[in-house]
Structure formats: structure tokens, C-alpha cells
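Student: Dropping a structure here in C-alpha cells format, bear with me for questions.
Please treat every number below as a calculation from the coordinates, not as lab data. Just so it is clear, the model here is predicted, and its values are computed rather than measured. We place every Cβ from the backbone using ideal geometry, glycine too, and count neighbours over all the protein chains shown.
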Amino acid sequence: MRNFSSITFIRTAGCLVAILGIQLNLLAQIQSKPADKFVDMIGVCVHSARNYTQYTNSPDEPNAEQTTINTVLNLRIRHLRDGIYGWNGGVEDLDMNNRGVVTRFSAISQAGKNAGIPGGVTWIITDNINDWKRLRDEYLVPLGNKVIVLEGANENMGTTGDAQAYQQIKNWWNNILPVLPNLKIATNTGPTAACEIAKAGSINDFVHFGNAHPYHFWPPFKPWGNLNHCNFNSTCAPPTISLWTAPDNNGGTIGYIDATRARRVAADKPMIFTEWGYPTISNDNNGWGVDEATAAKYTVRGFLEHFNAGIVYSCSYELMDPSPITPFDGDPEAHFGLAYNDGVLKPSGTAVKRLIALLEDNGNINIETGKLNYTLSRNSLGYIDDKNATTNEIHQMLLQKANGKFYLILWQEAISTNSSGVGVDVLPTNVTVDFGQKLSNLKAYLPTTTDNNNPVVDVSNVSSQTFSVPDHPLVIEITTETTLPLRLVSFDAKLVNNKPSLTWVTEDEKNVSHFDVEKSSDEINFLKIKTLNSKDGGVYNTVDNSPQIGNNYYRLKMIDTDGKFETTATKVVNVTLKNNSSFSIYPNPNNGNFTISPTLSDVRVKVTIFDQQGRVMLRREILGTRNFSVDNFAKGVYVIQVNTRGLVEVMKIVIN
């Protein structure tokens with residue numbers, strides 16, 4: 001609730017405007033979100049599937065692929081979005097150096113993993129092949145879990161109509177998901193697609209995400225788009241409502257590809273944005289562009305606005321500008337990159353890099369986060385988080401890392417250009433943050449303009465602080481005054497009787513509530529598996545009775561009676577089978593009738609049979625020994641893959 005004091009209102013052109021002595025107080029206990037979940041939303045578009053682009057090797061650009069990898073790693077972007085087109089007819093669309101789509105995509109993913117990017121670099125792929133079997137067998141199966149989202153035809157390219165686009169996505173659901181169950185499907189995009197596809201049938205049951213391309217035209221505009229653009233058929237959606245309503249199924253236009261129409265198709269499903277961005281060329285004829293400094297402001301603000309609006313993945317267009325030899329120097333299409341074609345970051349790329357560096361948290365996207373008490377007050381013209389405000393608003397976001405530190409992000413949601421896309425000066429406004437308690441330390445950063453090594457504020461033992469908030473993000477790192485009221489003497493994890501045993505010792509416990517034991521198979525996504533109540537100190541022990549084969553990662557979360565918590569470093573326990581293999585097959589060779597016998601008879605295992613081309617021939621989940629009859633298979637060599645609690649092993653069989 002806002003508390004107003006000494007305020008005079010006037011109405012100008014139908015708008016209520018405050019003109020004197022505003023003080024807005026938002027006193028509340030605010031729930032934070034995982035800082036790493038914001039970082040995990042961020043993606044960028046590339047064209048690594050096409051030949052003769054700035055992303056693929058050629059005689060003119062012999063090091064383009066390595067430059068692409070270096071730029072991705074420099075930014076520490078986790079998700080790339082690209083299309084698979086099948087234009088050259090080869091299985092992997094080979095370029096002149098015989099480096100195909102699967103090879104290129106895999107190389108970038110592995111480079112990300114080697115560089116410590118959580119999960120490696122993963123892909124969001126749009127398909128314009130219109131051949132689900134080829135897409136599945138030649139691209140998606142070889143790439144495996146490197147692909148996280150498959151989206152419909154890009155802006156209706158590759159389809160001959162909305163009925164075909166509808167059938168394309170339905171085919172994916174029925175024929176690709178059974179083979180790749182972790183893959184997510186998003187709607188297609190296009191100026192008419194999201195509205196007109198509904199005529200072919202409801203697609204809500206065949207997608208996980210709605211999808212839109214919220215480009216923003218004709219400055220001056222704010223990063224959620226020009227409200228009067230996209231005057232499409234009014235029977236589809238009203239054209240004058242901003243991004244604020246786009247995720248709500250209430251109608252609305254947010255730019256080139258209307259999110260409301262994606263909502264019309266995807267109903268209550270979450271939204272992703274697979275293209276949006278700002279070309280760094282002002283005064284262009286198309287009205288797209290802004291200068292480089294403004295693009296930096298709008299890009300980072302755009303990511304923040306998208307996260308606040310509940311967008312799951314947001315992919316900026318694009319990673320790098322085309323090479324100088326590409327003949328469209330004055331075309332805004334040639335200037336969308338976060339980097340120049342040689343990989344040197346533009347101001348927008350630098351701002352994104354710094355923001356990620358401040359907020360990334362080792363893949364902790366699903367941690368339980370806490371609440372923070374604070375009050376924002378602003379003694380100047382404007383509003384705080386008012387979506388209908390007529391003046392510059394102060395927007396905010398509260399995040400938290402696994403180490404307990406909070407990150408409060410404030411920015412002016414202002415129009416930062418003139419009508420030609422040239423940046424204008426937006427004066428900073430003072431905002432006082434009152435935390436109601438003494439804090440150990442406050443640091444504030446301006447990642448759009450200042451290196452992270454130089455905080456603009458660094459104060460200790462304060463309970464309130466006034467900050468100068470510009471039209472780009474101010475990131476406030478908050479370290480609370482007290483640590484948990486205990487001393488952790490030790491925390492150990494080891495294998496006992498082939499099961500992980502976790503032991504910790506504490507002293508000086510005061511007002512400690514309980515301990516959560518959290519487990520992960522990838523050291524990224526942790527889930528709580530045990531809770532032990534405090535006993536005021538001493539030795540604690542618990543056993544994981546359901547470990548996976550291979551590495552099991554554990555950490556301890558210590559929670560006090562006020563809900564504050566700290567998390568320990570990760571411990572790893574490797575669980576192995578007591579013999580050399582997780583399964584046996586007999587007879588081998590055989591006539592199509594054989595038996596698979598898992599070593600662990602009480603554990604469900606996943607069995608997949610591939611032919612020599614890598615196509616899935618059969619998929620089953622079994623418990624204990626199972627007889628198989630595949631005498632309808634052609635004679636030849638097949639590969640059997642068995643997944644036992646995350647341990648994947650393969651064995652060849654011969655059918656005579």
C-alpha cells in the first residue's frame with residue numbers, strides 16, 4: 001500500500017499527475033526469487049546452422065566458429081537459439097569444411113560445459129524442415145539433452161499455411177516427445193500465425209510454451225514496445241496494451257509478434273520470447289534503431305522486465321553482427337548484435353556480461369529463497385512500480401543467492417531516446433531504501449556503465465541508504481548483519497555399505513530450527529531429500545537409501561527459527577555397481593528373441609534400442625529381468641542403451 005503525504009494532484013490530458021512532495025512508501029516483507037533463475041532466463045540468437053554466416057567457417061571467415069564460442073563464453077550465456085533449415089540436403093547441412101549442424105552445436109555446448117557454465121550451453125531450436133522424422137532422427141536424437149526447447153516454424157517460414165503449422169506441432173508431440181521426453185515444445189511465430197492457427201484447432205494440449213517475438217519499433221519507446229504498433233485484425237486482440245498484460249491472457253500487443261496471439265494459441269501455458277532486440281543504428285528508415293548506449297540500457301532493462309513478467313526464456317537477437325563483407329551496412333538487420341562480428345562486445349554485450357557476472361549462482365535455479373523487509377521512498381516526481389504511470393517509474397526486482405545474499409535491483413523505466421533513436425539524458429532520481437535493521441554491508445553496482453570491480457556504493461553497518469537511480473539497473477548487494485546462531489564443526493559424506501552416509505557436527509546452536517539435506521545428480525539442480533530437526537548441537541547423521549549410480553552431490557541447508565538460512569559447500573559421493581556392468585544380454589547373437597537382465601533387480605531401468613543410423617527402434621522401462629521379442633527387426637547390428645539411475649551403458653547385439 002502507498003502512503004501519500006504532502007501531495008498535490010492535477011489532471012492533464014486525462015492523466016493524474018503528482019506534482020509536489022511525493023513520498024511513496026512500500027513497506028512490506030518482499031519474497032525474493034533465485035538470482036540464478038534470472039540468469040538462466042537469458043539467451044541469445046545465432047545462425048550456426050546456416051553456411052556463410054558470421055558463425056560458420058568459410059574461406060572468408062576461417063575462424064568464425066571459434067569466435068562464436070569465445071563470445072558465448074565471454075558473456076557466459078547459457079542458451080542459444082537457432083533454426084534448422086535443411087537447405088543443403090546433407091544430413092548435417094555440411095559447409096565447405098564438412099562441419100555440420102550437429103557438430104557445430106555440440107562443439108559450442110561442450111565448450112560451455114568445459115568453461116563451467118552450468119549444464120553447458122543448451123539450444124532452443126526452431127524448425128523449418130517440415131519433416132518431423134528427419135528432424136528427430138538426424139538432429140534431435142544426436143544432440144540429445146543439448147536441445148531444451150523446440151519451437152514452431154520461425155515467423156511461419158517453411159509452412160504453407162496455419163493448418164500445416166498446427167499439424168507440424170501436433171506431429172512433434174506425438175512422435176518426438178516419446179523419444180525425447182525432456183524436450184519442451186513452443187508455438188510457432190508469425191505476423192498472423194498465433195491468431196490464425198487457432199482456426200485449425202486448439203494447440204494448447206500440444207505445447208509447453210507460448211512464444212512471441214516482441215520487437216519494438218518507432219522510438220521513442222520503452223523496452224516493452226510501442227503501444228500503438230501492430231494494428232492487426234482487431235478480432236484477434238486489441239492493439240494498444242503493453243507487455244504488462246501479455247502474460248495474463250487479458251489481451252495486449254508488445255511489438256512485432258503479438259504476445260496476445262501466442263496466448264490465444266497457448267492458453268495458460270508459460271511464455272518464452274525467442275527473438276527481440278535493438279539494432280545499434282539510429283535514424284534508420286525502418287525506425288528500429290537506437291544508439292549503442294541506449295541499446296545497452298534497453299537490453300538489460302528488457303531482460304529484467306521479461307523476468308518480472310514471468311517469461312521463462314528470453315533470447316536477444318543476436319550474438320554478433322554480420323561480417324563487414326556482408327552487403328547491408330546501413331541495414332538495421334546488420335546491427336542487432338551484442339558484439340561486433342569479431343566478437344568484441346558492444347556496450348549492450350558488456351552490460352549483459354556484467355549483469356550475469358553479478359547474479360549467476362552456479363546453477364542454483366530452484367533454491368528456496370527468503371524474504372526481506374524494506375521500504376522504498378522517493379521524494380521527487382514519479383511513481384514506484386505503477387504500470388499506468390504517466391511519468392518515469394522506478395521498477396524493482398529482489399533476488400537471492402544460495403549463500404543468503406540478497407540483490408535488490410532498481411531502475412527508472414524511462415523513455416531514453418528521442419524520435420530518431422538517439423539517446424537523451426534521463427536525470428537520476430534519489431530513492432531511499434530503509435531496511436528496518438542494521439546490515440553488515442551494502443554494495444551497489446551499475447553494470448551498464450561501470451565495471452563490477454568498482455561499486456558505486458560500499459557502506460557497512462547501515463539500516464538505510466539513499467541511492468541515485470538512473471534509467472538503467474542499479475544492483476544493490478545486501479549482506480545481512482548476522483550469521484546463523486551455530487558453528488558448523490564439520491560436514492562429511494562418504495560411502496557406507498554402498499550407500500551415501502552424511503554426518504555433520506555443530507556447536508553453539510541457538511534458535512536453530514532444522515537442517516535440510518539437499519541432493520543433486522548434476523551439481524546444479526538440488527532437491528530436499530531429508531529434514532532433521534535441531535537438537536541444540538552435537539552429531540547428526542542420515543543415509544541416502546536411493547542413490548543413483550555415479551556421482552551424487554549433497555549439501556546441507558541450515559535454517560534458523562526466523563527463516564534465515566545458510567548453505568554449505570557441496571560434497572560428492574560416487575556410487576558404483578558391485579560388478580563391471582549394470583546389465584547382461586543373452587543370447588547374443590540371437591534371432592530377435594533375447595533377455596536383458598539388470599544387475600540391480602529392484603531398480604527400474606530404461607532400455608532403448610537403436611539401429612546403426614541412430615534411430616530409436618524400441619523404448620521400454622523394465623524392473624528386473626525381461627524377455628524381448630523383436631523378430632520383426634531386420635537382420636543386422638543394433639545398439640542397446642540401458643540407463644540405471646543416471647548411469648548410461650551401451651552394448652551391441654547381432655540379430656541373425
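Student: How much net charge surrounds E292 when only other residues with a Cβ under 12 Å from its Cβ are counted (Lys, Arg +1; Asp, Glu -1)?
Tutor: On the way: positive: K297, K346; negative: D291, D321.
Residues close to E292 contribute a combined charge of 0.
Student: Highest mean first, how do 486-497, 595-606, 413-424 rank when packing is the count of other Cβ atoms within 10 Å averaged over residues? Before the final figure, lay out the partial values.
Tutor: Working: 486-497: 13.7, 595-606: 15.8, 413-424: 18.9.
Per-residue Cβ counts within 10 Å, averaged per peptide and sorted highest first, yield 413-424, 595-606, 486-497.
Student: Please go through the range 492-542 and write out the chymotrypsin sites (Phe, Trp or Tyr not before Pro) that DSSP classes as loop and that have at most 10 other C-beta atoms within 10 Å. Don't jump to the answer; show the numbers that get you there.
Tutor: On the way: sites: W504, F515, F526, Y540; in loops: F526.
Answer in residue order: no site qualifies.
Student: For the range 296-377, what D do you get in µm² per second when you plug the Kirkwood radius from alpha-carbon pairs into Stokes-Einstein at 10 °C and 1.306 mPa s? Walk me through the intermediate numbers first.
Tutor: On the way: Rh = 15.2 Å.
Roughly 104 µm²/s, to the nearest whole number.
Student: Charges at C-beta only: +1 for Lys and Arg, -1 for Asp and Glu. How large is the resulting dipole of the range 512-625 about its Cα centre, in Debye rounded to 20?
Tutor: On the way: 14 positive and 12 negative charges, 71 e Å.
Roughly 340 debye, rounded to the nearest 20.
Student: Moving on. Could you tell me what a quarter of the Cα convex hull surface of the range 439-549 works out to, in nm² with one decimal place?
Tutor: If I average the Cα hull's projected area over directions, I get 10.5 nm².
Student: If each residue of separation counts as 0.36 nm, what is the full-extension length gain between Y586 and S419 once their alpha-carbon separation is subtracted?
Tutor: Working: separation 167, 0.36 × 167 = 60.12 nm, distance 7.46 nm.
So the extension gain works out to 52.7 nm.
Student: May I have the pair-distance distribution P(r) for the range 389-489, computed from all Cα-Cα distances with 10 Å bins from 0 and rounded to whole percent?
Tutor: 14, 41, 28, 12, 4, 1, 0
Student: If you bin the C-alpha pair distances of the range 537-611 every 10 Å from 0, what whole percents do you get?
Tutor: Distribution as computed: 12, 31, 23, 16, 11, 5, 1 percent.
Student: Where in the range 506-573 are there trypsin sites (Lys or Arg not before Pro) that are in a DSSP coil and have at most 15 other Cβ atoms within 10 angstrom of their Cβ? Each step should come with its number before you reach the end.
Tutor: Details: sites: K510, K519, K528, K530, K535, R555, K557, K564, K571; in loops: K510, K535, K564.
Those satisfying the criteria are K510, K535.
Student: Then there's this: Over all alpha-carbon pairs of the range 506-640, lay out the pair-distance distribution in 10 Å bins, whole %, shortest bin first.
Tutor: 10, 28, 22, 16, 13, 8, 2
Student: Specify whether the C-alpha gyration tensor of the range 516-567 places it in the rounded, prolate or oblate class, a ≥ b ≥ c being the square roots of the eigenvalues: rounded for a/c under 1.5, otherwise prolate if a/b is larger than b/c and oblate if not.
Tutor: Numbers: a/c = 2.92, a/b = 1.62, b/c = 1.81.
Cα axes put the range 516-567 in the oblate bin.
Student: Can you order the peptides 472-480, 428-436, 399-407, 454-462 by their average number of other Cβ atoms within 10 Å per residue, highest first? Let's see the in-between values first.
Tutor: Numbers: 472-480: 22.0, 428-436: 17.0, 399-407: 20.4, 454-462: 13.1.
Per-residue Cβ counts within 10 Å, averaged per peptide and sorted highest first, yield 472-480, 399-407, 428-436, 454-462.
Student: Give, in nm to one decimal, the length gained when the segment between A634 and N533 is fully stretched (0.36 nm per residue of separation minus the Cα-Cα distance).
Tutor: Answer, rounded to one decimal: 30.4 nm.
Student: I'd like the FRET efficiency for E333 and V179, computed as 1/(1 + (r/R0)^6) with the beta carbon distance as r and R0 of 30 Å, rounded to 0.05. Before the final figure, lay out the partial values.
Tutor: Values: r = 36 Å, r/R0 = 1.20.
After rounding, the FRET efficiency stands at 0.25.
Student: Amide H to amide H, which residues 5 or more places from W276 or on other chains are under 5 Å from it, using H placed in the peptide plane?
Tutor: Hits under the 5 Å cutoff: Y317.
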